[in-house]
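Below is one structure, written out as structure tokens; comments come after it.
The values are calculated or read from the model by the stated rules, or taken from the named source; none is laboratory data. This structure is a prediction, so every number in the text was calculated from the model and none was measured. Here Cβ is always computed from backbone atoms with ideal geometry, including for glycine, and neighbour counts include all displayed protein chains.
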Amino acid sequence: MTTTSTLVRARFVAGVVSLLLLVGVQMFGAAPKAMAALPVSISGTIFDSVSAQPLAGVTISDTGGSATATSANDGTYTLQVDPGTHVLKALLGGYVPTSSAVLPNLVQGASITGINVTLQKYASASGMVLGSVTKTGVSGVAVRLYDAPSQRTRRTSRPTPHSRTSG
């Protein structure tokens, strides 16, 4: 081979290598990215505290991150989070927001199951207890409300020393 053909061949190879590098940078970025950590999968079921029935449409979120999920019709959810320590929060309109226990040191690729959450409905009551004969307000009355299938609503009346009850 002559020196000229060797020089032409070297320039051709250098041009092809440069072209391949340029195409590779355009396709794959300037430098290979570090492999992302495998997420941790957390799953469980959301229940109503009174009926023990599963709740659909509950938003489950990671309090320290941006991961969220919504429970399915059967109350189940699966949430993908980064490795580390997490606390989950469950939210549904008409229910008291509830947080899970701390889930410490979750390692990449782990699958954590059975992280179940029970939500309680908000409750409120207002009104006045009236005497059965006088139909006037009775002071010093304590009223207890129960919202469980095994207990009935009970009303307890305890007059204070300064109140008088009639009828």
- Message: Suppose we keep only residues that are assigned to a loop (DSSP other than H, G, I, E, B) and of a type in the set (Gly, Ala, Ser) within segment 87-108. Which one would you say is surrounded by the most Cβ atoms within 10 Å (Cβ to Cβ)?
- Response: SER100
- Message: Within segment 38-60, does at least one residue satisfy the condition of being touching an Asp or Glu at 6+ places or on another chain (Cβ under 9 Å), without any contact (Cβ under 8 Å) to a residue 12 or more places away in the chain and not small (Gly, Ala, Ser)?
- Response: no
- Residue among SER111, SER132, SER139 that alone is loosely packed, with under 14 Cβ neighbours inside 10 Å, closer than 30 Å to THR78 by Cα, among the hydroxyl-bearing types (Ser, Thr, Tyr) and in contact (Cβ under 8 Å) with a residue 24 or more places away in the chain: SER111
- Expected single match for modelled with pLDDT of 95 or more and of a type outside the set (S, T, N, Q) among LEU106, LEU130, LEU92 is LEU92
- Note on the structure: Within segment 133-167, restricting to residues that are under 30 Å from SER71 (Cα atoms) and not in a strand (DSSP E or B), the one that is modelled with the highest pLDDT is LEU145
- Item | Failed item, numbered, when SER126 is tested on (1) exposed (fewer than 14 other Cβ atoms within 10 Å of the Cβ); (2) in contact with a Lys or Arg (Cβ under 9 Å, 6 or more places away or on another chain) | (2)
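Here is a yes/no grid of residues against (1) modelled with pLDDT under 65; (2) under 30 Å from ALA110 (Cα atoms); (3) outside any strand (DSSP E or B); (4) not hydrophobic (A, V, I, L, M, F, W, C):
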site: PHE12; (1), (2), (3), (4): yes, no, yes, no
site: VAL16; (1), (2), (3), (4): yes, no, yes, no
site: LEU19; (1), (2), (3), (4): yes, no, yes, no
site: LEU38; (1), (2), (3), (4): no, yes, yes, no
site: ILE42; (1), (2), (3), (4): no, yes, no, no
